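Just below is one structure, and these are the notes that go with it.
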Amino acid sequence: MSVSTRLAELGIELPAVAAPVAAYVPAVVHGGLVYTSGQLPFTAGALPATGKLGAEVAADDATRYARTCALNALAAAADAAGGVDRLAGVLRVGGFVASVPEFTGQPGVINGASEVLGDIFGDAGRHARAAVGVPVLPLDSPVEVEVTFILA
C-alpha cells in the first residue's frame with residue numbers, strides 16, 4: 001500500500017512544510033535517505049503551547065505535539081523527496097523534550113511521533129530512536145522531532 005493511500009485511510013492530511021526559523025532547510029536528500037531538520041509542532045504557522053514539561057505543559061499535550069512534529073517532518077521529507085510515495089520507511093527518530101530536571105517521561109512524550117509513523121508505515125515505520133530531555137528548545141517549544149526516512 002502506498003504512503004498516500006495509508007494517509008488517506010487514516011484521515012491524515014499533511015500540513016504545509018513549516019518555514020525554517022533560522023539558517024537551514026527543512027529536509028535534505030542524501031544517498032538513499034531523507035534527513036529532516038528538527039521540526040517543531042507548528043499548526044497553521046503557530047506553536048500550540050510554549051514552556052516545559054513538568055511545569056507549564058502536560059505530558060498528554062506534549063505527546064500530541066510530538067505527533068504533530070512527526071507529521072511536519074513527513075511533510076518536509078516528502079517535499080524534498082518529490083512526493084510522499086517516494087518514502088519507504090523510517091530509519092531513526094530523534095526527540096527533544098523541554099522539561100524541568102525532575103521530569104523523566106521523555107520517552108512517553110516522543111511515543112507520539114513514533115506511534116504515528118508506525119501507523120503510517122507499518123513494519124517499515126519501526127525505527128531507532130533517542131528521546132532527550134533538554135532545558136529549552138527554539139521559540140520555547142515544548143518538543144522538537146527530527147526524522148531520517150528511507151527512500152523507496
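The values are calculated or read from the model by the stated rules, or taken from the named source; none is laboratory data. Everything numeric in this text was worked out from a predicted model, so none of it was measured. Cβ: placed from backbone, ideal geometry, glycine included. Neighbour counts: every protein chain shown. Accessible surface areas use protein heavy atoms only, side chains included; no ligands, DNA or RNA. Shrake-Rupley method; radii C 1.70, N 1.55, O 1.52, S 1.80 Å.
Give me the pairs: first residue in the stretch 55-82 and in contact (Cβ under 8 Å) with a residue 40 or more places away in the chain, second residue among the charged types (D, E, K, R), beta-carbon distance under 8 Å, and six or more apart or on different chains, which are they?
That search, which allows pairs on different chains as well, returns Arg67/Glu115; Cys69/Glu144; Ala73/Glu146; Ala78/Arg86.
Does Ala128 qualify as being modelled with pLDDT under 95 and in contact with a Lys or Arg (Cβ under 7 Å, 6 or more places away or on another chain)?
no
Name the single residue that is nearest to Ala152 (Cα to Cα) among those in the stretch 17-31 being out of contact with any helix residue (DSSP H, G or I) (no Cβ under 7 Å at 6 or more places or on another chain) and assigned to a loop (DSSP other than H, G, I, E, B).
Across the stretch 17-31, the extreme among qualifying residues is Gly31.
Kindly list the number of the only condition in (1) out of contact with any helix residue (DSSP H, G or I) (no Cβ under 9 Å at 6 or more places or on another chain); (2) in a loop (DSSP other than H, G, I, E, B); (3) more than 19 Å from Val147 (Cβ to Cβ) that fails for Met1.
Failed condition: (1).
Do we find that Asp85 is in contact (Cβ under 8 Å) with a residue 24 or more places away in the chain, among the acidic types (Asp, Glu) and in contact with a Ser or Thr (Cβ under 7 Å, 6 or more places away or on another chain) in this structure?
yes
May I ask you to verify whether Gly118 is on the phi < 0 side of the Ramachandran plot and in contact (Cβ under 8 Å) with a residue 40 or more places away in the chain?
No, not satisfied.
Of the residues that make up the stretch 14-22, is at least one modelled with pLDDT of 95 or more and either farther than 25 Å from Gly122 by Cα or open to solvent by less than 20 Å² (accessible area, probe 1.4 Å) (or both)?
There is no residue in the stretch 14-22 that is modelled with pLDDT of 95 or more and either farther than 25 Å from Gly122 by Cα or open to solvent by less than 20 Å² (accessible area, probe 1.4 Å) (or both).
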